[in-house]
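Below: one structure, written as structure tokens.
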Amino acid sequence: MSMRVQKALATLLGIVVVGILAGIYVTSLTGGPTPYRVPVAAAAGGRSVNLTIQTVAAVGPKLAPNANWVSYLVREHGIWHRSTVWTLPANSLIHVTVYQFDGKSGLRNPFLAQARGLVGDAFTLNGKSLSTINPDDASHTFAIPQLGVLVPLAGVADDAENQCDVAPCPLSTAHNTITFTFRTGKKGHYRWQCFVPCAAGFYYGFGGPMQTIGYMDGFVNVV
Amino acid sequence: MTELADHSTDYGVVAAEPPEVMARNLRIGAHLWASASAFFFAAFLFAYFYLRALDSTAVWRPKHVDPSLTLGTLAAVSLVAAAVLLRFAVADHRADRLNAWRFKGAIVLALLLAGVVLQIVEWSTQSFGPTDGPYASVYLGWTGLLSLFVVGLLYWVETTLATSFRYRNTRRGAPVPAGHASGDGDRSDPDIENPLSLIRSELEAVSFYATFLSGIGIVTWFVLYVL
Amino acid sequence: MRLQGHAGRIAALTVVGTAIVLPLVIFVLGPNMPPGHRTTGASSQVNDNTVLLVVMTPFTVFILAYLAYAIFAFRAAAGEELRDGPPIRGHMPSQIAWLVVTSAAVLFLAIFGTAELFASNGAGGGEGPKPIAKPSGPVLPVQVIGQQWEFTFRYPTYGGVETAELVLPVNRQIEFHVTSLDVIHSFWAYELGVKADANPGVDNVAYVKATKTGDFQIRCAELCGLWHGYMFDTGHVVDAAQFDTWIAGERKQFTPVEKYLPRYSVTYSPDPQVRAG
Amino acid sequence: MNFRRLLGYNLLTAFVLGIVGFYVGWWLGHQFSGPSIAYFADTGQNDIALFLAYLVGLIGFLSGLGFASYPIQRLLGKPPSLREKETAGTGRYFTLCTDHKVVGMQYLIGIGAFIFVGGLNAMLIRFELLSPTKQTFNANNYLTIVGLHGTMMMGMMTSGILGPFANYFLPIMIGARRMAFPRIEALTFWLLMVAGVILMTTVGYGGFPTGWTGYAPLNDQANMGMDSYIVFFALVGLSMSLLGLNMIATVVTMRAPGMAWGRLPIFVWSVIATSVLMLLAAPVLISTLLMVALDRTAQTGFFNAQAGGSPYLYQNLFWIFGHPEVYILALPGMGILLEILPVFARKPLWGYRLAVTGMLGISLLSWLVWQHHLFVSGINADLRPFYMLSTELISLPTGFIFICALGTLWQGRIRFTVPMLFALAWLFNFLIGGLSGVFLSDVPSDVTTHGSFFSMAHFHYTIMGGLLFSFFAAIYFWVPKMTGYAINERFGKIHFWTMFIAFNSTFGPLLVIGFLGMPRRAVTYAGYLHGGNTWVSISAFFLGGSMLVFVGNFVWSQVFARVPVGANPWASKSIEWQLPSPVPVHNFDRIPTFGADPYPYGDGDGAGDSTAPRVVTAPARPRP
């Protein structure tokens, strides 16, 4: 092989290696959870959607690499998935049911213990209609700030029997059931998050799962 | 090829560099490194006074956060004593009392080591941990890093001493094998004029740095224990 | 004046250029500088920006004119690329003149900026717990609480009610108290010309007086974690009557949570502390 | 295959030992932390283990390169020696080599590679900002990209000019054969490379959300990827400090006879001014980062407000380092500018003393301005007038540099070569950068511009428009000397014009967008800024494309075309051009003696004369 061909091959190899490395790098950053498209049903007064989610204290090794992290799960065709990006229809009523298996952490800002932005400005906690809970009882919140939606989710009592260890939690273990309804507005890409500092072991309780999409944060794609 | 240089120059040209150049480098290096170290500890000094002045939540220094003054003083004294002794060792070397310098050098090593050990003893016997407020944070960070610098100084003193011991029977001006200093057997020329030629300047450099570090030690002692 | 040589031509270019640009800066660009004239603080920023532009213009025009002229007039002629230029190693008068002129400009700007800062009550910037540039007369305190990742607001003169929305009455001196419950945020109300960092345990005061009604955007201007980019909101400046109605409505709506709120304070250190869990 | 070579001190051994060391450290960290420290068990992340892994990995890597053997030999009493084993050929570029010219080349390629990574991140940022709300990269990945871009550029470009060009040319310019501490010189390079790789591994540990400033207390809250940032910047700080130390020591002790302080080339002065800042500012950064590391591992409370610490402390310490840091970036560019202008205007440097005063003045003043980064933070409101004044005072010494540059052009005979074009572009860019800086230094104006894209565009005008343009000027100017081969002029000009236009078309509008209310580091923005951002993104892609033109041209010229340039292609009168290209291993046959001004243009016998130096005299070489 002549010197020139050798150089050309080496350069080509260099370009390929750099290209592959850059490609790996970029794809590793674009990767994210696939959105869960929530099935839509027609109801009186427009379209409506049923969204069933649960919150767990430890997501477990099966659903995530960080087994100890706190997380939201969503029920998709009867199976619990760790997916926090949901596609919802625009201008529709969303009926949400939350099975809340996690214990109490308490809110940093007690103001967030009052629900807002809901249809009827109230939610039900184990069948009882409420607008506010004791901030110290809060385990999580479900909040979509850009839609003005915020619901405090009361935690399971510390001394409750039969607590759930590892997700996904069966309904036979201790839990609270919270239901509420909100209306999606116009189309858009909205974030949702939890406001309770529930990331155990992290500074101000707001690291790890609170700062990683797929656990305590996600998106609502309103289409 | 130009009139200043061409590619055929060989290593022999460089080997002719006078040893004074390296001696000067060592001394200026010690001064520069001392100034960098000063700014390193200045950050801790700043942190100390800033957090002390702030004391926003009145947790600056709870009652039980009280490191042992005795151990701290002993650690500082050993560092200062080592620096002073090293000064005398330099004087010995200048006066060609080589055995005296080696003896003092060994004591310096022992003193520095004692200082670090005392510091470790203090950490393991104290009644507080890193989570006990800003004073404890500054105290642990500062003393910990100062000990690290003292270990570095220990190493430097040791190398100088070790060279002096290794060549204690070598006459000044004795011929040196080719590539002796760098361990490069392929060389045809000696790469050091005399292995002992640089000891004095290195000793002066390390002595300067030791003096500087003992100054830091005094500041540390004053700020963390006395103030 | 007769123009002499290179220096004369550069001077002429500078003078003509400045004469063209300066009116444009003063009358066209200046009044339209951000962030507009919706509040007193924003207006003083606009004035400040205009003055800065005016002072900079001659320097900019001079340097650009010089560069353009040099590139044109001092380029090497073909075949003479390697001829040396004259060995001029300096010119003390022009060096001193440059030093004097730039020093004068810098001193003027520093003095003007300081004067403007005090005259405009800090120009909407956060001044910390003990502001030195403050308005005389009554103020309406409004607390801004930053947390990951939302701003909420408290009105101590209205029973310490906390709201999720920022509404301000027009033509009243507002005193923002910006603080944070966790990491550092920065409260930036763009159209109001207000920016103040929200630090945990710190009361950062900023003054503003809105002179026109309308909406304004609120953004977090200090990187605060995952949803920093989504920490935005819209505030409203309304007239006094609307404000009273609104605040009464808020107090009614948030009655249930009122009993849980801590007493109004300029800073908060809520539980859970350091590392939760 | 020669196994002795394979097993010796080389890059392969270094990688193997580095990776082994990494896992040894990781394992060690898990032995004594983890279950015994409660919160590590809860969070599933172990910062102690990662710090130890990086540390032991670093030691392993450096030992594999051969850095450990000399200290160990000294421990055993071997005498101090000048250099490592001399090697020749291409192999020396891939190992510990103490030849300052090899280190310079290593720096050029190594830093270039990491600038490519930083630039790639910039492209990703602009891609994301094509849309106000839609996300290509989700919110945490976006913050990681922003942080990686800023940190990589700020960390690597500190040595962007001192690394390649000062290491290569500073000894030559002062008539020396070597740097004062050749082994430390090599160490600074390898530290930087290890640091860069460590920073990239952050992606595997969840990234870090803090941007390059790493503000507390967010840095305490962040994922394990934050540790990569801390270790990266601490190593960069160490590298900077040692680099500065080496440069100053070299200039102080290694000058040739006759090389008085008043005869130092202006580039050397800029290196001195930079080195002083590097030597003194970087240790503050290292201390600060060690405090952060303690906060993250031992749970100390330096920056934790509720434990009695203060986030302001971090901001103060960071900017005490951080403001000198930005002048560490700017000063070498001024040196390059003033070094190149005399060559292509064929005139002596105008106002040499003024330029030196300017550089040293910037160096000094840069310590007194740091709180302008905290103008709206709510700290020390009563000190604002002082910091406003001190910040604006920096425009005086900067103005000196400008007037010296303009004076040098006066009645010159300007040749528009590629390096000259970049130098002239520096003047234009830095002018805009400096003027936009005045808005940020003025408190009322800063209220709106602080933390917005305006301040971002401002420092890109000074750092990218200043430093990167002068970096390219230096490449086009000096690389022919370093390799002996020319860089294609025509493609160089294409590169220049695309870069210059795309650069201004990117950051000019960003100044406006920032003023109109766009915050930094935000993944979403208001709809009314969409048009402007789209324009900026497209310009930025052209800017990225211009870099590809450069890389292509560089590879083509240096690998394939290979046109030898001879000793002095620019007809310069500086000493480095009187040596053969590339410079021989030992620089000078005999140490030269310097007689006068470093820019002897127009002196002596007048026009059209030779390019030979008349002030440098070398004693005749003895013939065997």
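Does C:Gly79 satisfy the condition of being at positive phi and open to solvent by 60 Å² or more (accessible area, probe 1.4 Å)? Considered against the rule, which asks whether it is at positive phi and open to solvent by 60 Å² or more (accessible area, probe 1.4 Å), C:Gly79 comes out as yes.
Of everything in region B:39-72 that's open to solvent by less than 40 Å² (accessible area, probe 1.4 Å) and not aliphatic (A, V, I, L, M), which residue is farthest from B:Gly144 (Cα to Cα)? It comes out as B:Trp60.
Condition first: aromatic (Phe, Trp, Tyr) and crowded, with 16+ Cβ neighbours inside 10 Å. Now tell me which residues in region B:94-122 satisfy that. Let's see the steps before the verdict.
Just the residues of region B:94-122 that are aromatic (Phe, Trp, Tyr), to begin with: B:101, B:103.
Scanning region B:94-122 gives a single hit, B:Trp101.
The set of residues in region A:63-90 being touching a strand residue (DSSP E or B) at 6+ places or on another chain (Cβ under 7 Å) and open to solvent by 20 Å² or more (accessible area, probe 1.4 Å) consists of A:Arg75, A:Glu76, A:Trp80, A:His81, A:Arg82.
Among the residues of region D:196-219, those identified as open to solvent by 10 Å² or more (accessible area, probe 1.4 Å) and either under 15 Å from A:Gly207 (Cα atoms) or not assigned by TED's automatic domain parsing to the domain that holds D:Leu313 (or both) are D:Tyr205, D:Gly206, D:Pro209, D:Tyr215. Of all the criteria given as (1) at pLDDT 90 or above; (2) open to solvent by 20 Å² or more (accessible area, probe 1.4 Å), the one not satisfied by D:Ser131 is (1). Taking region D:89-202 as the region of interest, the helices (runs of 4 or more DSSP H) fully inside it that hold 2 or more residues being touching a strand residue (DSSP E or B) at 6+ places or on another chain (Cβ under 8 Å) are D:139-157. Is it the case that D:Ser470 is open to solvent by 10 Å² or more (accessible area, probe 1.4 Å) and assigned by TED's automatic domain parsing to the domain that holds D:Phe430? Judged against the criteria, D:Ser470 is not a match. For region C:192-223, a residue qualifies if it is free of Cβ contacts under 8 Å to residues at least 60 places away in the same chain and within 26 Å of C:Ala240 (Cβ to Cβ), and the qualifying residues are C:Thr213, C:Asp215, C:Gln217. Pick from region C:82-97 the residues that are in contact with a Leu (Cβ under 9 Å, 6 or more places away or on another chain) and open to solvent by less than 40 Å² (accessible area, probe 1.4 Å): which of them is farthest from D:Ser572 (Cα to Cα)? If we take residues in region C:82-97 being in contact with a Leu (Cβ under 9 Å, 6 or more places away or on another chain) and open to solvent by less than 40 Å² (accessible area, probe 1.4 Å), then C:Gln95 is farthest from D:Ser572 (Cα to Cα).
Filter region D:305-329 down to the residues that are among the aliphatic types (A, V, I, L, M) and open to solvent by 10 Å² or more (accessible area, probe 1.4 Å) and list them by number. Walk me through it before giving the result.
Filtering region D:305-329 down to residues among the aliphatic types (A, V, I, L, M) leaves D:305, D:307, D:313, D:317, D:320, D:326, D:328-329.
D:Ala305, D:Ala307, D:Ile320, D:Val326 - these are the residues of region D:305-329 that are among the aliphatic types (A, V, I, L, M) and open to solvent by 10 Å² or more (accessible area, probe 1.4 Å).
Does D:Leu238 count as in a helix (DSSP H, G or I), within 11 Å of chain B (Cβ to nearest Cβ) and surrounded by fewer than 24 Cβ atoms within 10 Å (Cβ to Cβ)? So D:Leu238 fits the description; yes.
Have a look at D:Ala176, D:Ala180, D:Ala186, D:Ala139 and point out the one that is on the phi < 0 side of the Ramachandran plot and touching a Cys at 6+ places or on another chain (Cβ under 9 Å).
Working: D:Ala176 fails: touching a Cys at 6+ places or on another chain (Cβ under 9 Å); D:Ala180 fails: touching a Cys at 6+ places or on another chain (Cβ under 9 Å); D:Ala139 fails: touching a Cys at 6+ places or on another chain (Cβ under 9 Å).
From the options D:Ala176, D:Ala180, D:Ala186, D:Ala139, the qualifying one is D:Ala186.
For D:Thr300, the conditions (1) under 20 Å from D:His373 (Cα atoms); (2) outside any helix (DSSP H, G or I); (3) hydroxyl-bearing (Ser, Thr, Tyr) all hold with the exception of (1).
A single member of A:Ser131, A:Ser139 is within 13 Å of another protein chain (Cβ to nearest Cβ), open to solvent by less than 40 Å² (accessible area, probe 1.4 Å) and more than 30 Å from A:Lys62 (Cα to Cα), and it is A:Ser131.
In the set A:Gly205, A:Gly120, only one residue is at positive phi, open to solvent by 40 Å² or more (accessible area, probe 1.4 Å) and within 14 Å of chain C (Cβ to nearest Cβ); that residue is A:Gly120. Consider region C:261-276 and keep the residues that are assigned to a loop (DSSP other than H, G, I, E, B) and among the charged types (D, E, K, R). The one that is modelled with the highest pLDDT is C:Arg263. Here C:Pro23 clears all of (1) at pLDDT 90 or above; (2) open to solvent by less than 40 Å² (accessible area, probe 1.4 Å) except the condition numbered (2).
The values are calculated or read from the model by the stated rules, or taken from the named source; none is laboratory data. Values in this document were obtained by computation on a predicted structure and should not be read as measured data. Ideal geometry is used to build each Cβ from the backbone, glycine not excepted, and the neighbour counts take in all protein chains shown. Side chains are part of the model used for accessible areas, which takes the heavy atoms of the whole protein and leaves out ligands, DNA and RNA. Shrake-Rupley method; radii C 1.70, N 1.55, O 1.52, S 1.80 Å.
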